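Worksheet for the structure shown next.
The values are calculated or read from the model by the stated rules, or taken from the named source; none is laboratory data. Quick caveat: nothing in here was measured; it's all calculated off a predicted structure. No Cβ is skipped: glycine too gets one built from the backbone with ideal geometry, and neighbour counts run over all protein chains shown.
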Amino acid sequence: MVGIPTMEGVVSTLGDLSLAEGRFDDGVSYYKLNLDGASRRMYCVLANDLVNAHLLRGEYDSALAVASEASDIAEFSSGYERTVANLSLGCAMARAQPEEGEKLLRAALSALRVQPMGPHIAQATLHLGRLLIRQGRFEEARLLVEEHAQFITELGDSGWLLLGGDGPEVAQLKRMFRSGEPEIHLRLLGKRYLRNRDHEETLSLRFAELLAMLAANPSGIRGGELALALYGDGANTSTMKATISRTRKLVPIDSQPYRIGEACLTDFMQVLELLRTGRVQAALELYRGPLLPESEAPGVVDLREHLEESLRQAVLASGDPDAMIDLANQQGDDLELWEETRRHLPPNDPRRPLANARIRRIRKRWSTGQG
């Protein structure tokens with residue numbers, strides 16, 4: 001009966017049921033059957049089902065091929081069909097081409113909000129959310145699902161599977177949505193502090209270094225790379241594995257590759273994300289000091305220097321004298337920062353004498369060889 005009006009709804013429901021029960025091969029067969037008999041008007045909507053099924057089976061190339069064909073057909077279709085085609089393409093590209101996938105998903109989400117289509121909005125939200133989780137942008141993911149909660153709240157586990165897919169990122173996003181925020185909080189700027197649900201404690205330096213590297217690599221890091229980041233050329237994988245084993249008593253850690261097993265909100269990653277999105281003042285307020293200043297682990301040193309220079313350059317580029325003074329006071333004798341601060345202060349600003357005095361002091365120290 002494929003091709004008879006309304007029968008595509010029966011066939012796609014059989015496909016949905018197959019996926020929900022874990023029979024992915026059957027789901028793909030039903031969706032392909034629907035697509036083979038699809039009219040041009042229905043093609044993009046039905047292709048979206050097949051893209052989701054391929055993604056669930058880990059068939060990323062097949063998903064991309066179907067989504068690309070739908071996108072080509074949608075060029076001559078209605079606005080809604082083009083939006084669904086963009087949604088499918090964004091889902092298919094999210095893993096291999098995350099930047100382009102994010103653009104497509106955000107565009108689809110924006111267009112779908114004009115004429116709300118609940119399931120498609122939920123799908124766009126969940127796929128964009130899992131992309132953000134994969135990149136360690138946990139706060140963005142939390143705000144995203146919170147903003148679109150009305151389209152997600154009533155989804156059961158099968159709804160999350162059908163619309164969002166499977167895997168650790170989806171599980172983390174689901175826990176985050178249902179609890180309101182990540183369960184794990186790491187504070188590593190100027191301190192070594194962990195909160196996991198109701199448990200709080202100050203971390204040892206070794207545990208903090210390990211968690212910093214895992215937090216900086218939310219998609220995972222291989223054992224050899226992790227050992228080099230923690231111990232340098234004298235890497236000892238046995239020592240590293242022992243540290244991981246002990247740290248697992250505090251935080252779930254997945255293997256192959258190593259990664260924190262739940263959504264984790266980390267202060268230094270938040271700072272980098274705020275800088276990436278241009279929120280310099282918010283990043284400066286969150287920056288409470290250097291990342292694990294006592295650590296000499298090569299990977300942590302690189303992260304610390306990258307974070308400090310990223311913040312410094314963002315503040316300099318902002319032209320905001322308040323931000324410059326805040327950072328200059330933290331950094332101490334940074335001549336360039338103080339000179340830029342003075343350049344951006346109005347002539348009658350009462351802070352100019354402070355900037356002048358600091359600049360003279362730094363130059364004097366340099367001239368006497370004390371700097």
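Taken over the stretch 241-265, the criterion of being at pLDDT 90 or above and either of a type in the set (A, V, I, L, M, F, W, C) or not in a loop (DSSP other than H, G, I, E, B) (or both) is satisfied by LYS241, ALA242, THR243, ILE244, SER245, ARG246, THR247, LEU250, VAL251, ILE253, TYR258.
Residue pairs whose Cβ atoms lie under 6 Å apart, sitting 6 or more positions apart in sequence or on different chains, and linking a residue in the stretch 95-118 that is crowded, with 19+ Cβ neighbours inside 10 Å to a partner that is assigned to a loop (DSSP other than H, G, I, E, B), are GLY101/ALA94.
The set of residues in the stretch 185-199 that are in a strand (DSSP E or B), among the aliphatic types (A, V, I, L, M) and touching a residue at least 60 places away in the same chain (Cβ under 8 Å) comprises LEU186, LEU189.
If I filter the stretch 119-132 for residues that are touching a residue at least 12 places away in the same chain (Cβ under 8 Å), touching a Leu at 6+ places or on another chain (Cβ under 9 Å), β-branched (Val, Ile, Thr) and part of a helix (DSSP H, G or I), do I get at least one hit? Yes; the residues of the stretch 119-132 include at least one that is touching a residue at least 12 places away in the same chain (Cβ under 8 Å), touching a Leu at 6+ places or on another chain (Cβ under 9 Å), β-branched (Val, Ile, Thr) and part of a helix (DSSP H, G or I). Residue by residue through the stretch 271-298, note down the ones that are in contact with a strand residue (DSSP E or B) (Cβ under 8 Å, 6 or more places away or on another chain), at pLDDT 90 or above and either surrounded by fewer than 19 Cβ atoms within 10 Å (Cβ to Cβ) or small (Gly, Ala, Ser) (or both). Result: PRO290, single match.
None of ASN34, ASN48, ASN86, ASN52 is of a type outside the set (A, V, I, L, M, F, W, C), over 32 Å from the mean Cα position of the chain (by Cα) and assigned to a helix (DSSP H, G or I) except ASN34. Residues of the stretch 146-169 that are surrounded by 14 or more Cβ atoms within 10 Å (Cβ to Cβ), in contact with a helix residue (DSSP H, G or I) (Cβ under 7 Å, 6 or more places away or on another chain) and either modelled with pLDDT of 90 or more or not in a helix (DSSP H, G or I) (or both): HIS148, PHE151, ILE152, LEU155, TRP160, LEU161, LEU162, LEU163, GLY164, GLY165, ASP166.
LEU226: farther than 18 Å from ASP302 by Cα and assigned by TED's automatic domain parsing to the domain that holds ALA263, yes or no?
Values: farther than 18 Å from ASP302 by Cα: no; assigned by TED's automatic domain parsing to the domain that holds ALA263: yes.
Judged against the criteria, LEU226 is not a match.
Condition check for ARG248 on (1) more than 19 Å from ARG137 (Cβ to Cβ); (2) surrounded by 14 or more Cβ atoms within 10 Å (Cβ to Cβ): one failure, at (2).
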